[in-house]
Structure formats: C-alpha cells, structure tokens
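Notes follow the structure.
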Amino acid sequence: MTGEFALWVYLTRTPLLWLTVTLVAYVVAERFSEATGRHPLANPVLHAIWMTGLVLKLTGTPYPTYFQGAQFVHFLLGPATVALAVPLYERRAVVLRALVPMLAALVVGAVTALTSAVLLARAFGLSHGIVVALAPKSVTTGVAMGIVEALGGDPTLTAVLVMLTGVAGAVVVSPLLNLLRVKDLRARGFAAGLAAHGLGTARAFQVSDVAGTFAGIAMGLNAFLTAMLVPLVLGLVK
Amino acid sequence: MIVSLALILLAQLLGEVVAHGSGLPVPGPVLGAVLMFGFLLVRDRYHRSAERMLPKPLVQGELEGTAKGLLAHLSLMFVPAGVGIVGRLDVLAANGLALAVVLLVSVVLTLSATALTFVAVSRLVRPRRPDETA
C-alpha cells in the first residue's frame with residue numbers, strides 16, 4: 001500500500017505523467033471528433049480540456065504541477081506559429097488576390113470584436129476591470145495579456161476570457177456561417193481566425209488548408225490592429 | 001525532420017531576438033513566421049544555388065511536411081493553456097451568466113461581420129480581370 005502510494009507521489013511529480021495525460025486526452029477527443037465527422041460540438045480542444053481538468057480535480061493536482069509536464073506541448077505553439085508561413089507561402093497567389101476583401105474584413109471584424117465586447121459588458125453592468133480584461137478577447141493569448149498588462153488590467157483574467165472566446169468561436173463558427181450561407185472558405189477561415197485566434201485557426205485547418213491559411217493571416221493581422229485599437233476604444237468609453 | 005525543426009526553431013529564435021531587441025508589440029513567433037516566409041521566397045527565387053547549398057530536407061519538401069504536421073495538431077497545443085481556465089472558473093462564477101452572454105454574443109457578431117464583409121467586398125472587387133488588379 002505505501003509502496004503504491006510512493007510510486008504515485010513520484011509519478012505525479014514527473015513531467016511524464018501529465019504529458020501522457022494531455023496526449024491521451026487529446027487522442028481520445030480527436031478520435032471522437034473524427035468519428036462524428038468533425039462535428040463542431042465535438043471540438044477536440046474543448047473535450048481534451050475538460051477531461052484533463054477532471055483528472056486534475058480528482059487527483060487534487062495543482063495546475064503548476066500539471067504544467068511542468070504539459071509545457072512541452074505548450075511550447076510547440078511557437079514553432080507552430082512559425083510553421084503558418086508554409087501554407088501562407090504556398091497559397092500566396094490566392095492570398096494576394098484576396099487582399100482587398102481581407103483588409104476590409106479585418107477592419108470591420110476587429111472593430112466589431114472590440115466595441116461589441118466593451119459595449120455589451122457595460123450594458124450588463126460589469127466592472128471596469130472586467131471590461132478592460134475583455135476588450136482584446138479575440139486576440140491570441142500572449143498579445144492580449146500584453147495589451148491588458150500595459151493598461152493596468154488583470155492579465156490572468158484576460159487569458160481565461162481569451163481561451164473561452166476561442167473555444168466558443170471554434171464551436172460556433174461552422175453552424176453560424178452555414179446559417180448565414182457563407183460558402184467561401186477564405187471568408188469562413190478569415191472570420192474564424194479573427195474572432196477566435198488560434199483555436200479558430202485550428203478549427204479552420206480541420207476543415208481545409210485554404211480556410212486554415214486565411215485564419216492564420218487573420219489571427220496575425222488582428223493581433224496587430226487590436227493592440228492599437230484597444231487603448232483608443234477604452235479611452236472613448238471611460 | 002530534425003533539420004526542418006532546427007530551421008523552424010531558428011526562425012522563432014531570431015524572431016524573439018528581434019521582437020525583444022526592438023520593443024515591437026509583435027510576438028517573436030510571428031516575426032519568426034515572417035522570416036520563414038522570407039526564407040521560402042529566397043529559396044525558390046534562387047532555386048539552383050539553394051539545391052546545391054542547403055541540406056536536402058529543406059529543398060525537397062520535408063520542411064513543408066514538418067510544418068504541416070505541426071499545424072495538423074494545432075488543437076493539441078491549446079490544451080495545457082485551456083486546462084488553466086478550469087482552475088480559474090471561480091473568477092467567472094462571480095460574473096458568470098452576464099460574462100458568458102457577452103462573450104457569446106460578441107463572438108457571433110464578430111464572426112458574422114467579418115465573414116459577410118469579406119464576401120461582400122470580394123464580390124465588389126471580382127468584376128475586374130486578374131491582370132488589372134496588379
């Protein structure tokens with residue numbers, strides 16, 4: 001009995017256990033997603049997150065301990081961002097031809113994301129701290145946290161809101177754009193990347209390479225534009 | 001695979017150096033992607049010299065394969081950060097419903113506005129012949 005307990009204590013402290021849990025949860029969620037024909041509600045990130053979270057809860061494992069193992073997966077986000085250059089390069093002709101619609105959609109999308117979040121939050125009477133943390137919610141986590149930190153907000157709260165936005169966007173994008181009868185994969189991908197950053201981009205790559213490429217571009221451009229717009233918009237509504 | 005991965009990491013590293021060195025509000029990996037794009041442009045522009053001078057994996061499609069392999073599992077990479085929100089649900093509990101409604105409505109509005117603008121503008125631009133858009 002004590003031997004088993006000692007082994008458990010040993011394992012929970014090594015990266016191996018939590019790296020394995022993360023990968024297994026993802027494999028299960030990914031299989032489920034494939035089996036449902038990539039149904040939006042079967043989003044692999046969403047299901048891998050709650051399964052892993054449940055394991056942590058049941059074993060009483062603090063997040064920092066978990067992250068020691070999971071950081072190896074987390075680290076790959078950087079190289080994956082660099083890798084976005086490859087599909088972008090291969091489709092540069094298609095992308096260049098869509099330059100005008102992309103820039104128009106970027107401006108309209110970034111302004112909508114920002115003003116809708118700020119105005120709705122104020123209409124619901126949420127505190128100013130939450131409004132600040134919410135403003136850059138459609139932007140990739142690192143940039144959003146940077147924006148909020150510079151404005152004296154709470155970056156951790158922002159990280160949570162950014163992730164929730166990403167999950168919501170990745171789940172909602174396909175049914176919503178079907179409803180609106182948007183068939184253009186470039187437009188669908190671009191919207192996913194703009195509204196739901198990396199998670200939207202991951203969803204877009206599930207659907208098609210073209211959608212994924214445009215999502216990646218939207219994610220990058222929106223990070224840039226939103227970083228400039230947030231201080232402006234928050235200054236206006238204050 | 002290792003050569004390709006090394007090049008990807010090198011691009012990211014240079015991106016981080018430039019981002020931190022210049023104080024630009026752009027993440028290092030994004031600058032790394034710009035560098036990678038530049039590398040691909042130069043490689044294919046000087047195709048013959050590239051084949052002679054660069055390691056084979058970088059010119060014969062392995063780099064592309066590695067990059068696409070990473071992107072195919074982009075979802076996986078968001079799991080660790082996502083698990084972090086499970087521990088922070090207390091923050092949300094306080095403002096739960098209102099915050100959830102705001103997030104969801106804002107996401108729906110953003111997706112719709114972006115996609116519809118893209119489609120509308122591309123329809124406006126389309127009548128022009130490709131050789132006139134240059």
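Rule-based calculations on the coordinates, nothing more; no lab input. Source: prediction; values computed, not measured. A quick note on method: Cβ atoms are made from the backbone with ideal geometry, for glycine too, and the neighbour counts reach across all protein chains shown.
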For the Cα atoms of chain B, what angle does the longest principal axis make with the long axis of helix B:89-125, in degrees from 0 to 90, nearest 10?
50 degrees
Counting only pairs 8 or more residues apart or on different chains, how many lysine pairs in the protein assembly as shown have their Cα atoms under 30 Å apart?
6
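Quantify how strongly other chains surround peptide A:89-97 by giving the mean number of their Cβ atoms within 10 Å of each of its Cβ atoms. Please list the in-between numbers first.
Values: counts 11, 4, 0, 3, 1, 0, 0, 2, 5.
That works out to 3 on average.
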Karplus-derived 3J(HN,Hα), 6.51/-1.76/1.60, for each residue of region A:145-151, Hz, glycine and proline x
5, x, 4, 5, 4, 5, 9
Pseudo-spin-label distance A:GLU149 to A:THR36, built 7 Å along Cα→Cβ, given in nm, is 3.6 nm
Shape call for region B:4-75, from the Cα gyration tensor axes a ≥ b ≥ c (a/c under 1.5 means rounded, otherwise prolate when a/b beats b/c, else oblate), comes out oblate
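Take every residue in peptide B:7-17, count the Cβ atoms of other chains within 10 Å of its Cβ, and give the average of those counts. Walk me through the intermediate numbers first.
Working: counts 1, 8, 3, 1, 6, 6, 2, 1, 3, 1, 0.
For this peptide, the per-residue mean of nearby foreign Cβ atoms is 3.
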Given the peptides A:206-212, A:108-114, A:165-171, arrange them by the average over their residues of other C-beta atoms within 10 Å, most packed first.
A:165-171, A:108-114, A:206-212
Can you give me the distance in nm between label points at B:VAL59 and B:LEU124, each placed 7 Å from the Cα along the Cα-to-Cβ direction?
4.6 nm
Can you give the mean number of other chain Cβ atoms that lie within 10 Å of the Cβ atoms in peptide A:104-116?
6
Tabulate in residue order the Karplus-calculated ³J(HN,Hα) for region A:209-221, using 6.51 cos²θ - 1.76 cosθ + 1.60 with θ = phi - 60°, rounded to whole Hz; enter x for Gly and Pro.
5, 5, 4, x, 4, 5, 5, x, 5, 4, 4, x, 5
